[in-house]
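One structure is given here, and the rest of the page talks about it.
The values are calculated or read from the model by the stated rules, or taken from the named source; none is laboratory data. Nothing here was measured: the structure is a model prediction, and the numbers come from that model. A quick note on method: Cβ atoms are made from the backbone with ideal geometry, for glycine too, and the neighbour counts reach across all protein chains shown.
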């Protein structure tokens, strides 16, 4: 790592803060983070939403030689920040699937030439063999990972792709590491620092207390929630707002309900086309009174300071999510209201998400036996493998990551088994750019490949001129793409693995993996219970939230429902329901289970079916179209599972 004098670096940073960013001083924690990057080569910034995390890598990027790589799952954040940086004369770009070919080529040229100072990418980009090779050829002065809590197995949003980022950073030889998040408990802070090799003294936690937010808890039964939401929005002063819901169909219905009541509102969720999501986002950002009804992803990375209201139509899935979502209100420092309307009727839906991601032992055993039967090195197409063992893809990636942590397998560099190439010049012209053996090699790549109407299908592992040299074929294709001679498409993503033990103890490993998934499931369910406890707390609700994140306060906050009333909030009583066996046609269900011994072969699989939780096996058997699918989706999974086990 090229060293930088901390005092001189901070002096230059303060000058850039004024000259390039137009700011007169650092916000809380920013100086300490940047100093730690210079002095220790690593830092963790735990700042609340809107706390200025982005500056912690944007400013150092201008002082360091090389490129700063920023990993973020949020395309909206990438676009907004790149526009902002370019407006200040800072070369920044992004690589994601939404780019056109010429845009992609421009970013890659800037990366190769060293003119690009900041490159934004999604974590999934590191599954791209070509991208990893490109990064391996440049100097990475800073590796910044946003939403870094996703690396922690014990965090609220563990993502296997994040856990692998730490090893990727070491492999690429990055010079400095920066992790950023808005939500991290003390245990997650420790996990992030250990995983990324950040000195513990480099962790800067600025605190979560937002005195301008009034934490309101007024749970409303499902039947009266639409009316209650309309009444609240009509009764309060005009202002921009967000209504958070759990399901996409709820977002559509509630947005329509508000619009029918004359309230400007639109839905936002992952089921919309990207163009529509962008349109809704821009519509909302440009208004001081519009309301967006959204699933949880909305608002992350969006720079809108004047959000006056955040409503939780459904309960949030945990205190981390709640803190992050309410943090989007009042970022301009003005008083804002965040209100929970959700009730205990939401708990079943939230718990079902957690239970739905827990595989049964049969699926785990099948996966382990398959790995045990593979040679010392093997590669997999993850979608095909997931479907073969009735595992969701995220669950499969998590299981494989656990096996890496246990020292059973080691992941290699992912690769694409196939390429499709469209010539942008004649083959004669392309070959004519080379001479001698190189010309013969390039010509053979295409003449030995299958050709359709416009595309060549190229398999890099196939011998060219009698020699198998995958690396050379890929490099040749990349060069032709860089020169604008071909347009490349990649196909059949495969992940390499090496077995680190000759024979797997399948039963013992199954016990271990099942226990890990059970622990994660219990943790997710516990988080939901913590939200319920916060709402009904007989005491200052703000202080309960702060304590969860390791921040102690003894005096009541004065800006929550309990401080206003000194009376704990209570959820409306749930309506009584008939027993499970009287809520469905039990005879028809038993007959269906007998007819589908694989897809419905275990109690957990049967419970997932009744609760409307799709799995590969259910989809392949077309059972998601069966009238009984989701018949008990409003019941708590544990209750349905107990009945299926009986």
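Scanning for something surrounded by fewer than 21 Cβ atoms within 10 Å (Cβ to Cβ), farther than 22 Å from residue 330 by Cα, without any contact (Cβ under 8 Å) to a residue 40 or more places away in the chain and over 21 Å from the mean Cα position of the chain (by Cα), does the stretch 40-51 turn up at least one residue?
Taking every residue of the stretch 40-51 in turn, none turns out to be surrounded by fewer than 21 Cβ atoms within 10 Å (Cβ to Cβ), farther than 22 Å from residue 330 by Cα, without any contact (Cβ under 8 Å) to a residue 40 or more places away in the chain and over 21 Å from the mean Cα position of the chain (by Cα).
When the residues of the stretch 339-352 are narrowed to those that are more than 17 Å from residue 296 (Cα to Cα) and assigned to a helix (DSSP H, G or I), which ends up nearest to the chain's Cα centre (by Cα)? Please lay out each step first, then the result.
Residues of the stretch 339-352 that are more than 17 Å from residue 296 (Cα to Cα), as a first pass: 343-345, 348.
Right, trim to assigned to a helix (DSSP H, G or I) and you get 344-345, 348.
On the way: 344: 27, 345: 27, 348: 23 Å.
Among residues in the stretch 339-352 that are more than 17 Å from residue 296 (Cα to Cα) and assigned to a helix (DSSP H, G or I), the one nearest to the chain's Cα centre (by Cα) is 348.
Quick check on residue 431: is it crowded, with 16+ Cβ neighbours inside 10 Å, over 30 Å from residue 514 (Cα atoms) and free of Cβ contacts under 8 Å to residues at least 24 places away in the same chain?
Here the answer is yes, as residue 431 does meet what is asked.
From the list 462, 487, 404, 437, which one is part of a strand (DSSP E or B) and either surrounded by fewer than 17 Cβ atoms within 10 Å (Cβ to Cβ) or outside the structural domain of residue 615 (by TED's automatic domain parsing) (or both)? Show your work before the answer.
Values: 462 fails: part of a strand (DSSP E or B); 404 fails: part of a strand (DSSP E or B); 437 fails: part of a strand (DSSP E or B).
Sole residue among the options that is part of a strand (DSSP E or B) and either surrounded by fewer than 17 Cβ atoms within 10 Å (Cβ to Cβ) or outside the structural domain of residue 615 (by TED's automatic domain parsing) (or both): 487.
Does residue 494 meet the test of being over 30 Å from residue 421 (Cβ atoms) and in contact (Cβ under 8 Å) with a residue 40 or more places away in the chain? Steps first, answer last, please.
On the way: over 30 Å from residue 421 (Cβ atoms): no; in contact (Cβ under 8 Å) with a residue 40 or more places away in the chain: yes.
Against the criterion (over 30 Å from residue 421 (Cβ atoms) and in contact (Cβ under 8 Å) with a residue 40 or more places away in the chain), residue 494 does not qualify.
Conditions first: (1) at pLDDT 90 or above; (2) farther than 24 Å from residue 192 by Cβ. Residue 83 passes all but one, so which condition is the exception?
(1)
Kindly indicate whether residue 211 is out of contact with any helix residue (DSSP H, G or I) (no Cβ under 6 Å at 6 or more places or on another chain), touching a residue at least 12 places away in the same chain (Cβ under 8 Å), closer than 27 Å to residue 339 by Cα and surrounded by fewer than 16 Cβ atoms within 10 Å (Cβ to Cβ).
Numbers: out of contact with any helix residue (DSSP H, G or I) (no Cβ under 6 Å at 6 or more places or on another chain): yes; touching a residue at least 12 places away in the same chain (Cβ under 8 Å): yes; closer than 27 Å to residue 339 by Cα: yes; surrounded by fewer than 16 Cβ atoms within 10 Å (Cβ to Cβ): yes.
Yes, satisfied.
Do we find a residue being touching a residue at least 40 places away in the same chain (Cβ under 8 Å) and loosely packed, with under 13 Cβ neighbours inside 10 Å anywhere in the stretch 614-627?
At the first step, the residues of the stretch 614-627 found to be touching a residue at least 40 places away in the same chain (Cβ under 8 Å) are 615-617, 620.
Checking which are loosely packed, with under 13 Cβ neighbours inside 10 Å leaves us with none.
Scanning the stretch 614-627 turns up no residue that is touching a residue at least 40 places away in the same chain (Cβ under 8 Å) and loosely packed, with under 13 Cβ neighbours inside 10 Å.
Looking at the stretch 92-132, which of its residues are assigned to a loop (DSSP other than H, G, I, E, B) and closer than 13 Å to residue 69 by Cα? Working first, answer last.
Restricting attention to the stretch 92-132, the residues satisfying the condition of being assigned to a loop (DSSP other than H, G, I, E, B) are 96-100, 114-117, 122, 128.
Passing the criteria: 114, 116, 117, 122.
Where residues in the stretch 261-282 are in contact with a helix residue (DSSP H, G or I) (Cβ under 9 Å, 6 or more places away or on another chain) and in a helix (DSSP H, G or I), which of them is surrounded by the fewest Cβ atoms within 10 Å (Cβ to Cβ)? Even if it seems obvious, please write down each step before you answer.
Step one: filter the stretch 261-282 for residues in contact with a helix residue (DSSP H, G or I) (Cβ under 9 Å, 6 or more places away or on another chain), giving 261-272, 274, 277-278, 281.
Among the residues that remain, those that are also in a helix (DSSP H, G or I) are: 274, 277-278, 281.
Working: 274: 11, 277: 20, 278: 15, 281: 21.
Here the answer is 274.
Taking only the stretch 326-338 into account, find how many residues are surrounded by fewer than 23 Cβ atoms within 10 Å (Cβ to Cβ) and outside any loop (DSSP other than H, G, I, E, B).
Residues meeting the conditions: 1.
Which one of these does residue 186 not meet: (1) touching a residue at least 40 places away in the same chain (Cβ under 8 Å); (2) buried (at least 20 other Cβ atoms within 10 Å of the Cβ)?
(2)
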